[in-house]
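The values are calculated or read from the model by the stated rules, or taken from the named source; none is laboratory data. Computed from a prediction, not measured in an experiment: that's the story for all the values here. Heads up, the Cβs are rebuilt from the backbone with ideal geometry, glycines too, and the neighbour counts pull from every protein chain shown.
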Amino acid sequence: MRPGVGVRRLAAALPFIAPSLVGVVLFLLVPVVIVLVLSFFRWNFLTPPHWVGFANYVTMTKYDHVFHALAVTAYYVLWNIPIQTLMALGLAILLNRNLPALGFFRVLYVLPFMSTPVAMAVVWSWMFNGQSGLVNHLLLLAGVHGPDWLGSTHLALPVIAMVSNWQYAGYNMLFFLAGMQTIPPSLYEAASIDGASSVRRFFRITLPLLNATMLFVLVTDVIGSFQIFDTVYVMTQGGPASATTVINYQIYSTGFRNFDVGAASAMSLLLFGVILVITFVQFRFFRTRTTYEVS
Amino acid sequence: MAAAKTLKYVAFYFCLTLIAAVFVAPYVLAFFGAFKPASDLYSSSPWAPPRSFYTGNFSAVLFSDGFLRYLGNTALVTGALTAGQVGFGVLAAYAFARLEFPGRDGLFSVYLATLMVPNVVTIVPLYTMMRELHLTNTYWAIFLPYTLGVPYTIFLMRQYFRSLPSEVFDSARTDGASERQILTKILVPMGRPIIITATLIAFVFGWNNFLWPLIVTDSTSQQVLTVSIAALQSSFGQQWNLVLAASLVALVPLLILFALFQRQIVRSIQLSGVNR
């Protein structure tokens, strides 16, 4: 390439990339630097910030509430991800066949994905309400006095996880369906001739060939799951007795209710670190497993 | 034999219908509830359809302090966010997919790397920036961070633009077409499916966005729908008929969108997974 060509090409491309470059630098890269800087300060948005070194990080290790929030988040992720993934996989198995009207059912299963989390959390709060809620009315028909779901420290978090499962199961089903449709039918035919049962075919052909899809679904869902906020805010406000105070809620209340900017920044970075480590582990786990090439 | 097979099909479709009921029920029940007066809502069978379509809840909510304004705010902010995210995104995706310039791939890896940054990490610093710029409590603050170009949408569109046949672009260039003409006459018509997808993703994101508007607006005049529904829920606590009606106002536009574009939505979700 002659000198000058590169400059000319850059000049030609600049108008196209400039707006997004400004956006990425100003609203993604600069904030990551700022949050790192803020985590070394004590600041309440109003009085001048002052340098405290690693104090925010040290405080974080001393106070239970950060670990409590991380534990609550992990507990939520455990109620959310396995069930949601199994639901998605099950739905995909049901719909992955050549029968009429399955497209219609597929659309109905994906429908919850399009709902506003805040609005749907209101609807679910109503249904799980202890006194007038629909769930307890139904239980009463069976002669059971239902609990105060969202007022219980044991039940509130699983109920919130169930709302997420309802919202995203069908969405994830689409990825599994797309993955299943790339598996060549000849593999199943060969296995059938060899007398493999349908269960065996699923575990020996379908599941291994869905490895890449599984990785994608798990990585994106776990990242999303660790950041649950809207549903918690509407359904429980982190309660009862902080039983649903997930890390995102803790960051929000530390930064914007207690105006402890430094601590909130340190917690954000902790969450970032946790998510990075878990994503890395997931990639390692799925890479070490056998992958199959299908031509 | 044939009877057994028929029975199997009936059982199969019955099963599918039951599952569908679980996914659809909250919508139907919210719809029923929003059209009932408070007294009926607390009756012994909250799952029953309303006896008559009582619209009092909607008029109470819609004409209560500023709800229509919040709806307008959401529409405005979502519109600006969608237009910017898609428009600037198309430009960037075109450059990354079809233009050659030094540093292109390095820059694109930087864009991709930012996909790893969780939303909440940027919330505190973004708020700080908006405060310094005196932009809190403005529409700008709500949509600006998500408007100039979002790496995820750029990535999606770039993948699609790269898959288009390059002969079309090459022959247009030899015919002396300007980049601008190539963009409007070739890229946009050919990239229609992915542009629709990006538009839907941006719209749904803007419409549902909650944490950021909650933080960056504290006056009521710039409040958006999601924030006002959450506020209604905490102030009207047990008046479920009112909060249900308000929630339905937020849910219905997305339902209509889904009904209109279900094919594109289903395909676009799958596209976003397969292309990763």
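Identify, by number, the condition in (1) touching a residue at least 40 places away in the same chain (Cβ under 8 Å); (2) farther than 26 Å from B:Y9 by Cα that A:A88 doesn't meet.
Of the numbered conditions (1) touching a residue at least 40 places away in the same chain (Cβ under 8 Å); (2) farther than 26 Å from B:Y9 by Cα, the odd one out for A:A88 is (2).
Of the residues that sit in segment B:229-240 and are surrounded by fewer than 24 Cβ atoms within 10 Å (Cβ to Cβ) and part of a helix (DSSP H, G or I), which one is farthest from the other protein chains (Cβ to nearest Cβ)?
Going through the qualifying residues, I end up with B:S235.
Condition first: buried (at least 17 other Cβ atoms within 10 Å of the Cβ) and farther than 19 Å from B:Q159 by Cβ. Now tell me which residues in segment B:183-204 satisfy that.
Those that are buried (at least 17 other Cβ atoms within 10 Å of the Cβ) and farther than 19 Å from B:Q159 by Cβ: B:F203, B:V204.
Take segment A:218-276 and flag every residue that is over 22 Å from A:I34 (Cβ atoms), assigned to a loop (DSSP other than H, G, I, E, B) and without any contact (Cβ under 8 Å) to a residue 24 or more places away in the chain.
A:Q237, A:G238
Can you tell me how many residues in segment A:1-50 are more than 9 Å from chain B (Cβ to nearest Cβ) and loosely packed, with under 11 Cβ neighbours inside 10 Å?
7
From B:E132, B:E100, grab the single residue that is over 25 Å from the mean Cα position of the chain (by Cα), facing chain A (nearest Cβ under 8 Å) and surrounded by fewer than 14 Cβ atoms within 10 Å (Cβ to Cβ).
Going through B:E132, B:E100 in turn, just one is over 25 Å from the mean Cα position of the chain (by Cα), facing chain A (nearest Cβ under 8 Å) and surrounded by fewer than 14 Cβ atoms within 10 Å (Cβ to Cβ): B:E100.
Tell me which of these B:A25 doesn't satisfy, since it passes every other one: (1) of a type in the set (A, V, I, L, M); (2) more than 7 Å from every other protein chain (Cβ to nearest Cβ); (3) touching a residue at least 24 places away in the same chain (Cβ under 8 Å).
For B:A25, the failing item is (3).
Condition first: free of Cβ contacts under 8 Å to residues at least 24 places away in the same chain, assigned to a loop (DSSP other than H, G, I, E, B) and of a type in the set (A, V, I, L, M, F, W, C). Now tell me which residues in segment A:166-199 satisfy that.
Scanning segment A:166-199 gives a single hit, A:A196.
Kindly indicate which of A:S132, A:S125 is at the interface with chain B (Cβ under 8 Å from one of its Cβ atoms) and outside any helix (DSSP H, G or I).
Details: A:S125 fails: outside any helix (DSSP H, G or I).
Criteria check complete, one pass: A:S132.
Can you tell me which of (1) of a type in the set (V, I, T); (2) touching a residue at least 12 places away in the same chain (Cβ under 8 Å); (3) under 19 Å from B:L71 (Cβ atoms) is the one B:I256 doesn't meet?
Here B:I256 clears every test but (2).
Does A:S152 satisfy being within 28 Å of A:V277 (Cα to Cα), out of contact with any Lys or Arg (no Cβ under 7 Å at 6 or more places or on another chain) and in contact (Cβ under 8 Å) with a residue 40 or more places away in the chain?
Working: within 28 Å of A:V277 (Cα to Cα): no; out of contact with any Lys or Arg (no Cβ under 7 Å at 6 or more places or on another chain): yes; in contact (Cβ under 8 Å) with a residue 40 or more places away in the chain: yes.
Judged against the criteria, A:S152 is not a match.
When you look at A:I228, is it at pLDDT 95 or above, crowded, with 16+ Cβ neighbours inside 10 Å and either within 9 Å of chain B (Cβ to nearest Cβ) or within 25 Å of the chain's Cα centre (by Cα) (or both), yes or no?
Here the answer is yes, as A:I228 does meet what is asked.
Test of understanding: among B:I196, B:I269, which residue is in a helix (DSSP H, G or I), under 30 Å from A:A12 (Cα atoms) and either more than 7 Å from chain A (Cβ to nearest Cβ) or at pLDDT below 85 (or both)?
The match here is B:I196.
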